[in-house]
1. Checking the structure you have, find out if any residue of region 2-13 is touching an Asp or Glu at 6+ places or on another chain (Cβ under 6 Å) and at pLDDT 95 or above.
2. Look at region 20-73 and say how many of its residues are touching a Leu at 6+ places or on another chain (Cβ under 8 Å), buried (at least 16 other Cβ atoms within 10 Å of the Cβ) and either without any contact (Cβ under 8 Å) to a residue 24 or more places away in the chain or farther than 14 Å from residue 1 by Cβ (or both).
3. So is residue 29 modelled with pLDDT of 95 or more and among the aliphatic types (A, V, I, L, M) or not?
Amino acid sequence: MTQVLIDIAKAIVENPDDVRVNERRDGSIVHLELSVHPDDMGRVIGKGGRIAKAIRTVMKAASTKFDEHIVVDII
């Protein structure tokens, strides 16, 4: 699941080398912390948080295959 989030974020940002994802597991809950270059933060969040919400929706849909609950935090 981490690689899926990395691929999505790299497609959005201008500095794909600065995309980092940290994964923490808490039972069946997986916390993915996405960090990007400060200049790309607006691109990842989007106007009114629309892109961030879309990323979370895609990750939630992908997580159903693995029977896990995914929480995406943008740092």
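1. yes
2. Of the residues in that region, 2 qualify.
3. no
The values are calculated or read from the model by the stated rules, or taken from the named source; none is laboratory data. No experiment lies behind these values; they were computed from the predicted model shown. Heads up, the Cβs are rebuilt from the backbone with ideal geometry, glycines too, and the neighbour counts pull from every protein chain shown.
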